[in-house]
């Protein structure tokens, strides 16, 4: 299956490879991360940038520009020259959720950015405290329907992926849950382990150790297929809630208007990094599943998920104070 996927990707990229030879960076490339150093997105950017420097024959310098849920860093890239020398490590949140949460944004990711290629994705896991009388998703949904609003879920804060993915699950299942936002996913997970809140849709790397230790119970993963680290845990689609499937992800972006040859060369360097076994191992250790793609695939995913998350924000009446 993996070999077939790589062959399909190679066929899609062959025209890009020819175009890529027409451009090369003439100075160091900046890869802007719109979050603080040390997080998963930052780690992924540094690992990929280190490897991309080889084929690009220029250093790739990771630069952290934080603030406003990632919007500061995104706007900086949008306002940078579209010459292929400034890139963004965009995320699901900054590219498809924030436009619905922050009014008056001075940019539109779909209009003002161009995809270079996907970089990684992270599965979310529906976890419950062991005291919850549910060992399957169906039992959890039934319990929530008999006690509307009695079950509470924690998130890393309003508008974060752990909030939006949980709301997508709630809307798809047609149940009422109480949202308890925290300042970060770590304290939300801690309170799920303690039973202060009953459930969470946390990212797999954060909660895996707690699942393995039996401190929380995993009911489902949000990806389209089961995750190799939790092979016994079904997908939400398998439980009848395919509409709740969603993963967090990251993609390398450039300012709109960047030369097609630059996009092609950068895509080639990015996918070469993602194909390297050492890079893949380091990304997995950081909690990110490597994900290669064409530039067109980034645009398609952004279009689909911008519409999906817009619906979730509207139907769940999510606002930021």
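The values are calculated or read from the model by the stated rules, or taken from the named source; none is laboratory data. Predicted model only: the values in this text are computed from it and were never measured. Glycine also receives a Cβ, built like all others from the backbone with ideal geometry; neighbour counts cover every protein chain displayed.
For residue 237, are the conditions met, namely being closer than 29 Å to residue 73 by Cα, in a loop (DSSP other than H, G, I, E, B) and at pLDDT 95 or above? So residue 237 fails the test. Inclusion of residue 221 among residues that are touching a strand residue (DSSP E or B) at 6+ places or on another chain (Cβ under 9 Å) and crowded, with 19+ Cβ neighbours inside 10 Å is warranted. Just to be sure before I move on: is residue 62 closer than 20 Å to residue 270 by Cα, free of Cβ contacts under 8 Å to residues at least 40 places away in the same chain and part of a strand (DSSP E or B) in the structure I sent? Yes. Please work out if residue 141 is under 30 Å from residue 267 (Cα atoms) and in contact with a helix residue (DSSP H, G or I) (Cβ under 6 Å, 6 or more places away or on another chain). Criteria not met by residue 141. Checking 187, 205, 234 one by one, the residue that is out of contact with any helix residue (DSSP H, G or I) (no Cβ under 9 Å at 6 or more places or on another chain) and in the same structural domain as residue 155 (by TED's automatic domain parsing) is 187 and no other.
Looking across the stretch 198-215, the residues that are more than 20 Å from the chain's Cα centre (by Cα), surrounded by fewer than 24 Cβ atoms within 10 Å (Cβ to Cβ) and either outside any helix (DSSP H, G or I) or in contact (Cβ under 8 Å) with a residue 60 or more places away in the chain (or both) come down to 210, 211, 213, 214, 215.
Any residue that is in a helix (DSSP H, G or I), within 23 Å of residue 241 (Cα to Cα) and under 17 Å from the mean Cα position of the chain (by Cα) - is there at least one of those in the stretch 180-197? Within the stretch 180-197, not a single residue is in a helix (DSSP H, G or I), within 23 Å of residue 241 (Cα to Cα) and under 17 Å from the mean Cα position of the chain (by Cα). When 275, 297 are screened for being touching a residue at least 12 places away in the same chain (Cβ under 8 Å), farther than 29 Å from residue 159 by Cβ, out of contact with any helix residue (DSSP H, G or I) (no Cβ under 7 Å at 6 or more places or on another chain) and surrounded by fewer than 20 Cβ atoms within 10 Å (Cβ to Cβ), only 275 passes.
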